[in-house]
Amino acid sequence: MTQKDLYNQRLLKEANERSLQFTTRRHFLKESAMGLGALAMGSLIGLIITVLVIVAFFKMRSSLVQYYNTATKAKKGPYQTREERP
């Protein structure tokens, strides 16, 4: 083989690698558009669920604290002290 043939062969190989690289990128973006969208949607839904769980926890906590405060202040019977008994 001559130098010119080797050069042409190397050029052809490089051009094929470049075209393969571009088609691979194109196919990746085309095929993964749904995958990337689903990934973003899943991330967003996960964030929303996390916020809802935190809000529910704090609502439950505040209602438990309120219940505890009212339960401890409630009367234990008709009389508060021994002096009030007949």
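A few comments on the model shown:
- Test: residue in the stretch 33-41 that is at pLDDT 85 or above and out of contact with any Ser or Thr (no Cβ under 7 Å at 6 or more places or on another chain): yes
- Any hit, the stretch 4-13, residues being modelled with pLDDT of 75 or more, under 35 Å from the mean Cα position of the chain (by Cα), aromatic (Phe, Trp, Tyr) and assigned to a helix (DSSP H, G or I): no
The values are calculated or read from the model by the stated rules, or taken from the named source; none is laboratory data. Since we're looking at a predicted model, the values are computed, not measured. Glycine also receives a Cβ, built like all others from the backbone with ideal geometry; neighbour counts cover every protein chain displayed.
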